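**Student:** Let me begin by handing over the structure; questions about it come next.
The values are calculated or read from the model by the stated rules, or taken from the named source; none is laboratory data. The structure presented is a predicted model; accordingly, all values stated were derived computationally and were not measured. Don't worry about glycine lacking a Cβ; one is built from the backbone with ideal geometry, like all the others, and counts go over all protein chains shown. Heavy atoms of the whole protein, side chains included, go into the accessibility calculation; ligands, DNA and RNA do not. Shrake-Rupley method; radii C 1.70, N 1.55, O 1.52, S 1.80 Å.
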Amino acid sequence: MATRRQFIRISTVSAGAVMAGMAGFRLLASELTEGQKATMAALNKRTPTYCEVCFWKCAGWVYKNDQGAIQKITGNAEDMNCNGRFCPRGTGGVGMYYDEDRLKTPLIRTEERGKQSFREATWDEAFDYISEKIKKLSADYGPECIALFTHGSGGKYFTTLLKALGSPHVAAPSYAQCRGPREVAFQATFGQTLDSPEPLDIRDTKCLVLIGSHLGENMHNGQVQEMSDAIDKGATIITVDPRYSTAAGKSKYWLPIKPATDLALLLAWINVIINEELYDKAYVEKYTYGFEYLKEHVKDMTPEWAYGVTTIDPTVIRETAREMSNAAPAVIVHPGRHVTWYGDDTQRLRAVAILNALLGSWGRRGGFYRAESAALPEPTHPPYPVPKRTWRTEFPDLYKLADVVLANGVCDASVPDPSRNCKFHGWIVNGSNLIETLPNRANTLRAIEALELLVVIDTMPMEITGYADVILPECTYLERYDEIRTGPHRKPQIALRMPAAEPMYNTKPAFWMARELAKRLGVIDYFPFETLEEQLDWQLKDLGSSLEEMKKVGVKTFDRPNDDLFFTPGEEVEFFTGTGKIELYSTLLADGGFDPMPRYTKHPEPPEGFYRLNYGRAPMHTFGRTSNNPNLTDLMDENSVWVNPRVAKEWGLSTGQYVYLENQDGKRSEFPIKVRVTERIRWDSVYMVHGFGHAQKKMRRCYGKGASDASLITNVMLDPIMGGTGMRGNFVTFITDLVKEEVAS
Amino acid sequence: MNEELIVSGRDNLLIDPHLHIWHWPIALDLFLGGLSAGILFFAALFFILGKEGKYTAAVRKAPLIVPFLIVVCFMALFYDLRHKIFFWQLYTTIKFQSPMSWGAWTLTMTFAASVIWAVLHIRDQFPAFDWKYKWLNELENFFRKHKTVVAWIMMFLALILGVYTGILLAAFNARPLWNTSVLGPLFLTSGLAAAAATIMLAARDTEEISLFKKLTVVLLGVELFLIVHMFMGFLAGTQVQIEASELFLGGEYTMIFWIFVVFLGIIFPGILSVMSLRGYRIPVILPAALILLGGFLFRYVFVYAGQLSRWLY
Amino acid sequence: MRYAMAVDTKKCVGCSDCVVACQTENDVPIGYCRDWVVEVMDGTYPQLEIELRSERCNQCENSPCVRCCPTGSSHFAEGGIVLVKASKCIGCGACIASCPYDARYFHPKGYVDKCTFCIHRVKEGMQPSCVAVCPTKCMYFGDLDDPHSDVSVVLRKRKSKTLIPEAGTKPQLYFLI
């Protein structure tokens, strides 16, 4: 059966790939290696950058050895994100640069003798192909039918391009597949979203409550550092997790909660704090709205009730609530990061927000601070054309409170459907491996099948590239300029990214790609600067700096315009909510027809012989992006499935054994996964780290290693409020009698 | 449940999952070293006891192969080195606390002694041998005049060499299986037994054969005793030593050790020798070959098993 | 002068940054590591305990590796740091076999390699790479003979242990417990 678009394993060998002579071998059999000598001599020969491995964007320095090859990356001591210390992914960023499996040249899909494959192309050919297609799609269906998925710095330029063409459809999977529910929840409660990095004053907190956060395995650099500072100062950590996470190992209280019942615990805490009058009375009086409604709402949600739901002892629930209150206002109930679990996630995060509000931590030291960003001028360009249609105009009732384009929404709307008269016809995907990112892979593939254009921009041949019509190889962050980092923090701070080396092979920066496409599509006016350097220098001069200065210092910190990191006592604060106050009772949700206060709902439990699939992070990897990085695969090259010893005994499993996993819908993992029998996981769940089980043969280090949790997430629990895709409603069982097979080519 | 695991993926070549840096070259070196030491010991001993005429195989024939055995030792050791071009650094210093330094020097000096001894007896095999150079003839005469001294030195060196093969391993307290003081005498005894077996093979005189058969039986008996003693020591030792000994008491090396090394390499040839002494016709090649094979296998098994025994992870 | 390192197991999260930083700083070839992170887990769900620690060569005072090296390639440098002089190393492996911590390995070039406490950095007044990069700041380094050094201060404040002290090697890598 001829399919529109087959998955192709990248099969090009590097034609014209110039292997930098220094890449890889720089060792000498002498007392001090070249690299070590270089360390001493090169302290002045370093270039600034900010990391692109995850989204934290820590600023650092790239050092080169005597041969001029990139040697190592360290943190910039002035940077507030990392305080001079990079995390293992950032330190291992050199591996991204030296990875021989990188995309090396533009590729275009061709059909030869009934078989689809890629052929190498020049940049001109690739751009011509793309621009022709885009012009055709715009003419036939309107530019709004083209969507951009992005995760990474390149997104800015393709966003400009798309908006210039007249499409507002820019989706970041990090919204509905990750942090979206908490953005809506905090927006509804406090009138603002949390963004990245979250404005958490962890280093001064006295009590850190981690419910749905596995900080320590989740390597949010600044937060892990501050958690360590807090431990030094004697802060209490309360961890709620069905798994004994690293954070649980450092906690005074670990609440081994039954999965899917967190909302009950939160409501019980709210109940205790209200009934024992442990809340910050003055704060609640002055800044919040709806306290009486809340009190009435939670009156039956006692710890005893919660005990029956969560299996957490009511005494412990009370004790931990009092612990939080004693520490208040220097207490943080951490909002988590990846919170798309069961479809009621916005409500669960509402409970988190309400709890923080009752404890008075918002705007107080040791709680949430008020972040400030530096403001950079935008290059002047003509106003963007107004789109004739947007997803919001086409689906006014869908996910009413989502204020950004949903990745899964775009995906769904790309699948042909007779009930809709519009659909997306073209996707540009930048730095996001949608195959592993979006749950319900079958749906994603159906959508891709129906597309007329799929352009993928990436540095590695990730699975999504196998479906592309055109692949544009981007150079890594170590080989390019990018926008000035202006992320929010305690003080406004900017950071420069400049190339430490010329792009390897035939790769190019995203800025150049977007600009070249803009030329061909007649929207070059939206890219007034010819090079990014010119733009950066112009922007920096506006801030009183310059490109030259930033190249020397890497980061520059400014003073806050106002001394308002925290609320001053008695300060009149206006919150951007309907009532102008912190809404314990959410008028926004009520207006949208949703529960104004969270309510616990029971979620399906695993059937007999199945176990809930829990997934998470390892501190040495980030998403699936680093699975092939040589330095990081040295640390961890495959994931394992954590199995409780009681379960292992039942199934006859032992540590080191390989098994296949099959979920409740009969979907089986493509590759087997190693078993780890451990007491750290509950008997009703299994746990595995996300980002493995890659099916691209050209990623030689990670191909076939471990299993992909994403492929087993077929049951998606949609959050009706903002369209978040809850992924924790999947259950797996073990297939033990299959031998590890080669995947058919 | 207790779990102890390395979470950063350590997988150093030859170190993980367990140490395996030494292979058959080291086992061969230990065996041939022990064998050479034994042969030279017997040669020197019986010469000093004035039995040169009586036990010709021991004193005059068998030692002729020793230089070649030691050359093979050197070749095996050199082959095993991973930074070969600097091998000469071994001879720039003597480190008295390093058994390997002892070994390097002792082996070299033993080689010299064995060459001298072989030279002194070369005319037993090649009567018309002539050096062609006057100074070499004079050198040979010099050594012939001081043959007793040479014998004493050779005996001394042979003993050190024989014991060194065991002490080398025993000095590594990081490998609990090896870290027993019984190993030195045990390998020495094993070397002597192998030497006795070789001499038994080489001998033509019935009295000599008979003597060495008796020596073989005694030495095998002592060896067996030492092995049993060694295991008793392990089992009465620390936790790591108990675990190390379990490799041979139910673990993966149990069969190969007790059946091939102990039974076929020690007990069975011992029985054969006793029977032979009692009058049964046993071709001498049988017990001799078994002892030699058993000796090599003993060291082979010990080198490999020792690298499995450890303190951590 | 006696250099030593202390790792706070209560703060270590097992991220293994120390391993990658050492690799890039010291040209450790891919596939090898001079330091590693160990997790020890004990108990039955939910009464569990975990210890995480970053390990490397312990730069032992009574080091078996220096003792057994036949050429003197393994030697003591300043502050008691154990170094390998590659041009004296014959690659015999005795030191590797003698280390109860399995801290040494054969470099692909043939000589023996291991953690050097980044002596090239320490000489310049900097900290070893692993200590400098650790995001939780759980590693301390300094001169034990200086009562004001980081490591001396922290060892006075906290209970600590070393690994298999009964092996008799007098290790200089301490773990705060």
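**Student:** Can you tell me the relative contact order of chain A? Whole percent, Cα pairs under 8 Å, sequence separation 6 or more.
**Tutor:** 19 percent
**Student:** Could I ask something else about it? Keeping every protein chain present and rolling a 1.4 Å probe, give me the accessible area per residue for the protein assembly as shown in Å².
**Tutor:** 37 Å²
**Student:** Net charge near residue C:146: determine it from the other residues with C-beta under 13 Å of the C-beta of residue C:146, scoring Lys and Arg +1 and Asp and Glu -1.
**Tutor:** So the surrounding residues net to -1.
**Student:** Here's another thing I want to ask about it. Taking each residue in A:83-89, count the Cβ atoms of any other chain within 10 Å of its Cβ, then average. What number comes out?
**Tutor:** If you average over the peptide's residues, the count of other-chain Cβ atoms is 5.
**Student:** At a probe radius of 1.4 Å, figure out the C/A buried accessible area, summed over both chains, and give it in Å² to the nearest 100.
**Tutor:** 4100 Å²
**Student:** Moving on. For chain A, what does -39500 (n - 2.57) per DSSP helix run (n ≥ 4), summed and divided by total residues, give at 222 nm, in deg cm²/dmol to the nearest 500?
**Tutor:** -8000 deg cm²/dmol
**Student:** Gain in length, residue B:218 to residue B:271, computed as 0.36 nm per residue apart minus the alpha-carbon separation, to one decimal in nm?
**Tutor:** 18.0 nm
**Student:** How many Å² of accessible surface get buried when B and C come together, counting both sides, probe radius 1.4 Å, rounded to the nearest 100?
**Tutor:** 3800 Å²
**Student:** What's the average, rounded to a whole number, of partner chain beta-carbon atoms within 10 Å of each residue's beta-carbon in C:77-88?
**Tutor:** The per-residue average across the peptide is 2.
**Student:** Right, another one. Highest mean first, how do A:233-244, A:192-203, A:344-355 rank when packing is the count of other Cβ atoms within 10 Å averaged over residues?
**Tutor:** A:344-355, A:233-244, A:192-203
**Student:** A further question on this structure: Within 10 Å of each Cβ in C:53-66, how many Cβ atoms from other chains are there, averaged over the peptide?
**Tutor:** Across the residues of C:53-66, the mean count of other-chain Cβ atoms within 10 Å is 1.
**Student:** Below 8 Å between Cα atoms, with a sequence gap of 6+, how large is the relative contact order for the range A:611-744 in percent?
**Tutor:** Computed value for the range A:611-744: 33 percent relative contact order.
**Student:** What does the charge count near residue A:162 come to, summing +1 for each Lys or Arg and -1 for each Asp or Glu among other residues with Cβ under 12 Å from its Cβ?
**Tutor:** Result for the neighbourhood of residue A:162: +1.
**Student:** For residue A:556, which aspartates and glutamates qualify as cross-link partners when the Cα separation must be under 13 Å and same-chain residues fewer than eight apart are set aside?
**Tutor:** Answer for residue A:556, where 13 Å is the Cα cut-off: A:78, A:79, A:548, listed by chain and number.
**Student:** Kindly identify residues of the range A:600-643 having a loss of at least 10 Å² in accessible area between the isolated chain and the assembly of all protein chains, probe radius 1.4 Å.
**Tutor:** Residues shielded by partner chains are A:619, A:620, A:630, A:631, A:634, A:635.
**Student:** Among A:294-300, A:128-134, A:471-477, how do they line up by average Cβ neighbours within 10 Å per residue, starting with the highest?
**Tutor:** A:471-477, A:128-134, A:294-300
**Student:** Which pairs break 31 Å Cα to Cα here: A:115/A:136; A:649/C:170; A:698/C:114?
**Tutor:** Result: A:649/C:170; A:698/C:114 exceed 31 Å.
**Student:** Still on this structure: Among DSSP beta bridges whose residues both lie in the protein assembly as shown, state the antiparallel percentage, nearest 5.
**Tutor:** In the protein assembly as shown, DSSP labels about 55 percent of beta bridges as antiparallel.
**Student:** Given the pairs A:72/C:11; A:206/C:10; A:45/A:519; A:64/A:552; A:163/A:400, which span a C-alpha to C-alpha distance of over 27 angstrom in this model?
**Tutor:** Where the Cα-Cα span goes over 27 Å, the pairs concerned are A:45/A:519.
**Student:** Out of the total accessible area of the range A:161-273 (probe 1.4 Å, heavy atoms of protein only), what percent is carbon and sulfur?
**Tutor:** Accessible surface attributable to carbon and sulfur in the range A:161-273 totals 43 percent.
**Student:** Another one. What nm distance separates the two modelled labels at residue B:72 and residue B:85, each placed 7 Å from Cα along Cα→Cβ?
**Tutor:** Taking the simple label geometry, residue B:72 and residue B:85 are separated by 3.1 nm.
**Student:** Counting only protein heavy atoms, what percent of the accessible surface of the range A:611-744 is carbon or sulfur at a 1.4 Å probe?
**Tutor:** Carbon-and-sulfur percentage of accessible area, whole number: 51.
**Student:** For the pair residue A:491 and residue B:134, how long in nm is the line joining their label points, each one 7 Å along Cα→Cβ?
**Tutor:** 9.4 nm
**Student:** Moving on. So which DSSP H runs in chain A come out at 18 Å plus along the axis (Cα) with average Kyte-Doolittle of at least 1.6?
**Tutor:** A:262-275
**Student:** Calculate the FRET efficiency for residue A:449 and residue B:65 from the Cβ-Cβ distance with a Förster distance of 60 Å, rounded to the nearest 0.05.
**Tutor:** Calculated transfer efficiency: 0.15.
**Student:** Sorted by packing (mean other beta-carbon atoms within 10 Å per residue), highest first, where do A:75-81, B:130-136 land?
**Tutor:** A:75-81, B:130-136
**Student:** At a Förster radius of 41 Å, what calculated FRET efficiency corresponds to the Cβ-Cβ distance of residue C:156 and residue A:650, to the nearest 0.05?
**Tutor:** The pair residue C:156/residue A:650 has a calculated efficiency of 0.25.
**Student:** What FRET efficiency do you get for residue B:49 and residue B:126 if R0 is 25 Å and r is their Cβ-Cβ distance, rounded to the nearest 0.05?
**Tutor:** In this case the efficiency is close to 0.40.
**Student:** Quickly work out the residue B:255-to-residue A:393 label distance, labels modelled 7 Å from Cα along the C-beta direction, and quote it in nm with one decimal.
**Tutor:** Spacing of the two 7 Å Cα→Cβ label points: 7.9 nm.
**Student:** Which whole-number percent is the relative contact order of the range A:435-509 (Cα, under 8 Å, 6+ apart)?
**Tutor:** 24 percent
**Student:** When the accessible area of the range C:3-176 is split by element with a 1.4 Å probe, what percent falls to carbon and sulfur?
**Tutor:** The value for the range C:3-176 is 50 percent carbon and sulfur by accessible area.
**Student:** Then there is this: Can you give me the span-like helices of chain B, meaning DSSP H runs with 18 Å or more of Cα extent along the axis and Kyte-Doolittle mean at or above -0.5?
**Tutor:** Answer set is B:24-48, B:66-80, B:99-120, B:147-170, B:183-202, B:206-235, B:285-308.
**Student:** Lysines within cross-link reach of residue B:51: Cα-Cα under 19 Å, excluding same-chain residues under 8 positions apart?
**Tutor:** B:61, B:145, B:147, B:213, B:214
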